[in-house]
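Only one structure is covered here, and it is reproduced in the block below.
Read the figures in this text as sums done on the coordinates, not as results from a lab. On a predicted model such as this, the values are computed, not experimentally measured, just so you know. A quick note on method: Cβ atoms are made from the backbone with ideal geometry, for glycine too, and the neighbour counts reach across all protein chains shown.
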Amino acid sequence: DLKEYFRETEAQGLKGTRQAQRESYGWWRRLRWYQKPTIAMVNGWCFGGGYGPLFSCDLAFAAEEAKFGLSEINWGILPGGGATKVAQELMPFRKAMYHAMTGENIDGKTAADWGLVNEAVPLAQLKDRVTEVAKVLLAKNPVALKATKDAMKRVGVMSYDDAEDYLIRAQEAANSYDNEGRKEGIRQFIDEKSYKPGLGAYDKDKVKA
């Protein structure tokens, strides 16, 4: 709990602080680059350190009644543990500054409006909505999904030319892992005309083993 985290870590000095940081940052890093798509579902309170796993997930949905906050300023510290970076990365600059400097809470609907989550729905609908999105992702080619989520996270810090080069290599790597899946998607679209990419995914169950 918070008492254990702060008091015991404080008693261990800098060594304890660094160990706690390595552990928590390591968890979020593993989640951020996880092999499969990840979805955060926020149904209650999400404060400070909770922004780490929130950001690490590929998608995030919240109940309109959920509460988000960077309360660190209210007890005399800055929002550490990556929370400041999360706010700055996901929110418009002025919104992020207000959020961090005032320590005021925002609800799920505002979090969606400010870009902290993808979407906010009434609490009673939250699980169904997340399940619906998960089923959409489940129908996609898993190799393409992993390549796509990694690419979206990496190209943001690249120049356009560097991103072009990276994406060429990423596609080549994905093809080497699942060339049959790519070919099947093209076959069903071009030859069978059994689906339209703009309206849905190809039937990956037809891919030859």
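Between K109, K127, K193, the GNM of the chain built on Cα springs shorter than 10 angstrom shows K193 fluctuating the most. Taking one quarter of the surface of the C-alpha convex hull of the range 141-206 gives a mean projected area of 4.9 nm².
FRET efficiency for the A139 to Q12 pair, using the beta carbon distance and R₀ = 35 Å, is estimated at 0.15.
Modelled this way, with points 7 Å down the Cα-to-C-beta line, the labels at E180 and I73 are 5.6 nm from one another.
Principal-axis analysis of the Cα atoms of the chain puts helix 160-186 at an angle of about 50° to the longest axis. The Cα center of the range 1-78 and the Cα center of the range 103-119 differ in position by 17 Å. Of the chymotrypsin sites (Phe, Trp or Tyr not before Pro) found in the range 32-82, those in coil by DSSP whose Cβ has at most 15 other Cβ atoms within 10 Å are W33, Y34. Report which label in (1) 123; (2) 141; (3) 168 holds the value of volume of the Cα convex hull per residue in Å³ derived from the coordinates of this structure. Of the listed options (1) 123; (2) 141; (3) 168, (3) comes from this structure. Entry note, the range 141-206: relative contact order of 29 percent, from Cα contacts under 8 Å with a spacing of 6+ residues. For M41, the residues whose amide H sits under 5 Å from its own are F61, ignoring neighbours fewer than 5 places away on the same chain, with H placed 1.01 Å from N.
Using the Karplus relation 6.51 cos²θ - 1.76 cosθ + 1.60 with θ = phi - 60°, the per-residue 3J(HN,Hα) values for the range 59-75 come to 10, 9, 10, 9, 6, 4, 7, 4, 10, 10, x, 10, 7, 3, 4, 6, 10 Hz, with x marking Gly and Pro. Take the Cα of F47, step 7 Å toward its Cβ, do the same at D203, and the gap between the two points is 5.2 nm.
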